[in-house]
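Have a look at the structure below, then the notes.
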Amino acid sequence: MRAASGRRQSVDLHTHTTASDGQLRPAELVALAAQRGVAVLGVTDHDTTAGLEEAINAGQRMAVEIVPGIELSTAVDAGEVHILGYFIDYHSQPLQEALLAFQARRLDRARAMVSRLRALGIGITFDDVLGLAGEGTISRAHLARLLTARGYTSSVDEAFARYLARGKPAYIAYDRPTPVEAVQVVRGAGGAAVLAHPYSVSGLESLLPHLIAAGLVGIEVWYAEYTVEQRQALAELADAHRLIPTGGSDYHGEGFREGRELGSVDVPMETVARLRRAAGWAGR
């Protein structure tokens, strides 16, 4: 789709702001989206909706449709699973109560990971992490950015590969909700639940039927880091399970991770309409 000026209009349904571990404030993210011709922007911060009001207000000023969303971090025995929620009622009290519990678990985990890093001779403190995160939801991305800024690693990718990824010296699993519980949280907030970056999910084929039974309606197909072949395979998987194929850049900021540039995916506008219908969205 193209705007009247001829500039391409695109859809990006997976982005983060300073409300979690992104580098841009919500209004700044929306401004960049408008600059890059993104017509529909999903704001999906980790375990928080704190940036949505600012993003929606900015979207109204800049003619960018904001899809109110969230990314919930969950776990199975084999690793992490992230569930995206779209067109959520972000004022829902049960949702906000659940998010407070999620965020408390994140703080406990971050403290423990800092202790691991210090035991490895890395001179950072939990206060350093809090200073970098500000009011945002703390994640491993904050630790990775701090390690890179202090010169312990040359990039965020190296920080994960050496210290923070599952099985690495500073990695700590923490008590998270299950993916099924996350799908139920999204549904409880009136949203459409989608499985994020499915190639990071161990045991995908066995997990998927359980998520669908719980109310999952979509799966991320057009993910920024995936190859054409991977996207095609996921599109076929979505079709086989009658799931809505969605997509996004997983944008956190310039230079965060290679390939995750805002608006870098080609998501059909029809995807937005299907998610809206699945959520029963009426502009709450």
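Check region 158-169 and report whether any residue there is crowded, with 16+ Cβ neighbours inside 10 Å, of a type in the set (Phe, Trp, Tyr) and at pLDDT 95 or above. There is at least one residue in region 158-169 that is crowded, with 16+ Cβ neighbours inside 10 Å, of a type in the set (Phe, Trp, Tyr) and at pLDDT 95 or above. Which of the residues spanning region 71-129 are on the phi > 0 side of the Ramachandran plot and within 15 Å of the chain's Cα centre (by Cα)? Across region 71-129, the qualifying residue is only Phe87. Taken together, Gly248, Gly263 contain a single residue that is closer than 29 Å to Val156 by Cα and either modelled with pLDDT of 95 or more or of a type in the set (Asp, Glu) (or both), which is Gly248. Within region 51-63, work out how many residues are out of contact with any Asp or Glu (no Cβ under 9 Å at 6 or more places or on another chain) and surrounded by 22 or more Cβ atoms within 10 Å (Cβ to Cβ). Total satisfying the criteria: 1.
Name the residues in region 46-73 that are of a type in the set (Gly, Ala, Ser) and in contact with a Lys or Arg (Cβ under 7 Å, 6 or more places away or on another chain), would you? Even if it seems obvious, please write down each step before you answer.
From region 46-73, those of a type in the set (Gly, Ala, Ser) are 50-51, 55, 58-59, 63, 69, 73; that's our starting set.
Correct list: Ser73 only.
Going through (1) within 28 Å of Tyr90 (Cβ to Cβ); (2) among the aliphatic types (A, V, I, L, M); (3) outside any helix (DSSP H, G or I) one by one, Ala170 falls short only on (1). Pairing each residue of region 147-174 that is touching a residue at least 12 places away in the same chain (Cβ under 8 Å) and over 17 Å from Val114 (Cβ atoms) with any residue that is assigned to a loop (DSSP other than H, G, I, E, B) and among the acidic types (Asp, Glu), provided the two are 6+ apart or on different chains, yields no C-beta distance under 7 Å. Among the residues making up region 122-167, those that are of a type in the set (A, V, I, L, M, F, W, C) and not in a helix (DSSP H, G or I) are Ile122, Ile124, Ile138, Ala165.
Among the residues of region 43-65, those that are within 13 Å of the chain's Cα centre (by Cα) and touching a residue at least 40 places away in the same chain (Cβ under 8 Å) comprise Thr44, Asp45, His46, Asp47, Thr48, Thr49. The listed residues are Arg231, Arg187, Arg277, Arg257, and the only one of them that is touching an Asp or Glu at 6+ places or on another chain (Cβ under 9 Å) and within 30 Å of Glu28 (Cα to Cα) turns out to be Arg257.
Taking the options Gly247, Gly263, name whichever one is within 27 Å of Ala98 (Cβ to Cβ) and in contact with a helix residue (DSSP H, G or I) (Cβ under 8 Å, 6 or more places away or on another chain). Explain how you work it out, then say what you get.
Numbers: Gly263 fails: within 27 Å of Ala98 (Cβ to Cβ).
Unique residue meeting the criteria: Gly247.
The values are calculated or read from the model by the stated rules, or taken from the named source; none is laboratory data. From a predicted model like this one, the values you see are computed outputs, not experimental measurements. Because the Cβ atoms are built from the backbone with ideal geometry, glycine has one as well, and the counts that use them run over all protein chains shown.
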